[in-house]
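Notes to accompany the following structure.
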Amino acid sequence: MSDPHVTQRKADHIKINLEQDVASRARSGFEAWRFEHNALPELDLAEIDLGVTLFGHRLGAPLLISSMTGGTEEALRINRHLAIAAEQAGLPIGLGSMRAAIARPHSAPTFQLRDVAPSIPIFANIGAVQLVLGFGLDECKRLVDLAGANALIVHLNPLQEALQPEGDTNWKGVTAAIASLCARLPVPVIAKEVGWGISARVARALADAGVAAIDVAGAGGTSWSQVEMHRARNDVQRRVAAAFADWGMPTAESVAAARVGAPHLPIIASGGIANGVDGAKSLALGASLFGLARPLLAAATVSAEAVSAEIEVLLRQLRVTMQCTGSATVAALRDAALTRVAGSHWAG
């Protein structure tokens, strides 16, 4: 199970995300939507309730700190800053892919955050393709136990794997493996893309497989094809990756599609959500939560206080949006008037 490339790849990913322009050339789609402004909301801003419930846990707001990293010394510092801020705000946090914790056991502490985040939901994380490459139920249980996790994210990244020099590209049997895991793992399984979206058809297949939630992680934020382009070892790999700079379903479109394909599951919107207004739009389009990763990464390299400051801005933006749509609760926001902007080309 040992993989000498795992630690270096994770270090590369942090460095590239911080130093390079790896934004998707596609847009998230939220610019195509506009709330109807309520000039007479009859609400006290301070009394607006941002709280929601996921998997029986009451959250401070419908915001997920999305999976970022793990497995390196710098990742430990980043994850602890994120976890401290998440605990203070009552927000769930997703860990980066945890295969390194099995491949290189000395990296396990980078995923162990319960000492600074004792009460919030923590989501462990493994790549879906690993489920057909010898990473079975026992290994998944080990990751959940190691992280003290409340759920396991299984991430879907066929494009990223295809573009990685060391990628795993045989996805035969992955759907059945996910179904088997969902049936036997004692915590919920969350299916998550990594930046190219989930269609209604795939959402339906995931729901049938038994996942407990879907994170669409659509196009519009970090493009992992761009990240892998910067990691390419030769010109052929670089040119192949460059062709996918605008690949994927815009996040707004994917949220609506996943809601159709899996109408009874929590849908998490991530990918190009720039602020709390975009987050509010995602909720009105059918998401249960919205998630951010890269917008918090730079702050996480500094301190937990820097992350908390960014979260405060996001939640203040969300709260003001709720007041200006007359929404006292997140449930009310989901019914707020949201219309397509005239002339927009989004195909939702």
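Overview of results
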| read-out | value |
| --- | --- |
| Which listed residue is of a type in the set (Val, Ile, Thr) and surrounded by 17 or more Cβ atoms within 10 Å (Cβ to Cβ), from Val307, Val313, Val302 | Val307 |
| Residues of the stretch 293-340 that turn out to be under 29 Å from Pro41 (Cα atoms), part of a helix (DSSP H, G or I) and modelled with pLDDT under 95, as a count | 0 |
| Qualifying residue in the stretch 122-145 (condition: β-branched (Val, Ile, Thr), surrounded by 23 or more Cβ atoms within 10 Å (Cβ to Cβ), out of contact with any strand residue (DSSP E or B) (no Cβ under 9 Å at 6 or more places or on another chain) and part of a helix (DSSP H, G or I)) | no |
| Tally, over the stretch 59-80, of residues that are within 19 Å of the chain's Cα centre (by Cα) and of a type outside the set (A, V, I, L, M) | 9 |
| Subset of the stretch 36-53 (residues that are in contact (Cβ under 8 Å) with a residue 24 or more places away in the chain and closer than 21 Å to Glu312 by Cβ) | Leu43, Leu45, Glu47, Ile48, Asp49, Leu50, Gly51, Val52 |
| Scope the stretch 101-127; condition over 25 Å from Pro62 (Cα atoms) and either within 19 Å of the chain's Cα centre (by Cα) or not hydrophobic (A, V, I, L, M, F, W, C) (or both); matching residues | Arg104, Pro105, His106, Ser107, Pro109, Thr110 |
| Unique residue being outside any helix (DSSP H, G or I), among the charged types (D, E, K, R) and surrounded by 21 or more Cβ atoms within 10 Å (Cβ to Cβ) when the list is Lys172, Lys192 | Lys192 |
| Given (1) under 15 Å from the mean Cα position of the chain (by Cα); (2) within 21 Å of Ile153 (Cα to Cα); (3) of a type outside the set (Asp, Glu), index of the condition Ala274 fails | (2) |
| Which numbered condition Gly343 misses (of (1) surrounded by fewer than 20 Cβ atoms within 10 Å (Cβ to Cβ); (2) at negative phi; (3) modelled with pLDDT under 95; (4) not acidic (Asp, Glu)) | (2) |
| Test set (1) closer than 19 Å to Arg340 by Cβ; (2) at pLDDT below 95 - Arg259 fails condition number | (2) |
| Candidates Gly197, Gly167 - the one that is among the small types (Gly, Ala, Ser), at pLDDT below 95 and either under 19 Å from the mean Cα position of the chain (by Cα) or assigned to a loop (DSSP other than H, G, I, E, B) (or both) | Gly167 |
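The values are calculated or read from the model by the stated rules, or taken from the named source; none is laboratory data. What you see is a predicted model, and the numbers here were worked out from it, not measured in a lab. With ideal geometry, Cβ positions are generated from the backbone for all residues, glycine too; neighbour counts draw on all protein chains shown.
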